[in-house]
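I have placed the structure first, in the form of structure tokens, so that the comments after it can refer back to it.
Bear in mind these aren't lab numbers, they're just calculated from the coordinates by the rules spelled out. Every value quoted in this text rests on a predicted model; they were computed, and no experiment measured them. Methodologically, a virtual Cβ is constructed for each residue, glycine included, from the backbone with ideal geometry; neighbour enumeration extends over all protein chains shown.
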Amino acid sequence: MLLDSNIVIYAAESACDNIRIFIAKHHPVVSVIAKVEVLGYHRLSGENRQKLERLFRLMPISSLSDEIADRAICLRQTRNVFGRCTYRRHGTGS
């Protein structure tokens, strides 16, 4: 079973014990893309980041490679980086 990034986010919230129980019981997998989406959010607070990182350590991650995931997380944290990349490559973008 593969978890969506939104389920991972909800699981880190204190009011969602039932999701954490489900994860502990069923041992779902999370994709590296979900990890990038969740941890790459540029407005993620330090406290929430720690909670989410602990949660990711509990689940197997279907990944490309850790190096690629970490780089993608850094890129996602930089606002509008993809717009700048598009502009440089195609002469368009913001």
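Percent relative contact order of the range 2-90, based on C-alpha pairs within less than 8 angstrom and at least six residues apart?
33 percent
What does the net charge come to around ALA12 if you take all other residues with beta carbon closer than 9 Å to its beta carbon, with K and R at +1 and D and E at -1?
Charge balance near ALA12 sits at +2.
Determine the sum of side-chain charges near TYR41: Lys and Arg each +1, Asp and Glu each -1, restricted to other residues whose C-beta is under 10 angstrom from that of TYR41.
Charge balance near TYR41 sits at +2.
How do 43-50, 31-38, 56-63 rank on mean C-beta neighbours within 10 Å, highest first?
The packing order, highest mean first, is 31-38, 56-63, 43-50.
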